[in-house]
Amino acid sequence: ERLARSLGIESLSASQVSEITRELDERVKESRTRPLKAEYVFVWRDALYEKVRLEGKVVSVAIMIAYGVDGEGRREILAVEPMWEETEESWRDFSFC
């Protein structure tokens with residue numbers, strides 16, 4: 001509701017929320033299954049922490065992100081994956097190829 005209000009939307013029905021969620025799920029699936037370019041000049045990984053609500057509690061979750069820069073200098077997000085924490089093991093598990 002706060003997000004909707006911050007965007008100037010006074011209210012959303014349950015069906016509107018369901019439709020928005022369905023569309024976002026489709027876009028995420030398309031992004032995750034798209035073919036990557038054959039070559040990137042630079043590839044780097046980073047993480048940021050976001051607070052999320054889980055079972056009635058607010059917890060901090062690591063969001064792993066892989067970026068690539070192609071030969072023409074265009075940046076592209078290659079992968080995004082939530083992890084419980086940023087550890088050597090979570091970085092090994094974070095795969096985008």
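Could you put M83, M64 in order, starting from the residue whose Cβ has the fewest other Cβ atoms within 10 Å?
M83, M64
Secondary-structure-derived ellipticity at 222 nm for the chain, considering helices only, amounts to -9500 deg cm²/dmol, per-run term -39500 (n - 2.57) for DSSP H runs with n ≥ 4. Take the Cα of T33, step 7 Å toward its Cβ, do the same at Y49, and the gap between the two points is 3.5 nm. Taking Cα centre as origin and charging only the Cβ of basic (Lys, Arg, +1) and acidic (Asp, Glu, -1) residues, the dipole magnitude of the chain rounds to 200 debye.
Between I63, I77, I20, the residue with the greatest mean-square fluctuation in the GNM of the chain (Cα pairs under 10 Å linked by springs) is I20. Which label belongs to the value computed from this structure, given these candidates for Cα Rg over 2.2 N^0.38 Å: [x] 1.12; [y] 1.34; [z] 1.22? After the calculation, the listed value that fits is [y]. Hey, fewest Cβ within 10 Å first, where do E76, E88, E81 land in order? With the fewest neighbours first, E76, E88, E81 line up as E88, E76, E81.
Within straight-line reach of K37, meaning a Cα separation under 18 Å, sit the following aspartates and glutamates at least 8 residues removed in sequence or on another chain: D70, E72, E76. Contact order, relative form, for the chain: 19 percent (alpha carbon pairs under 8 Å, 6 or more residues apart, mean separation divided by residue count). On the basis of the beta-carbon distance and an R0 of 22 Å, E88 and V61 show a calculated FRET efficiency of 0.80.
The numbers here are math on the coordinates, done by the rules we state, and not lab data. Since this is a predicted model, take the numbers as computed values, not measurements. Glycine gets a Cβ as well: all are built from the backbone with ideal geometry, and neighbour counts include every protein chain shown.
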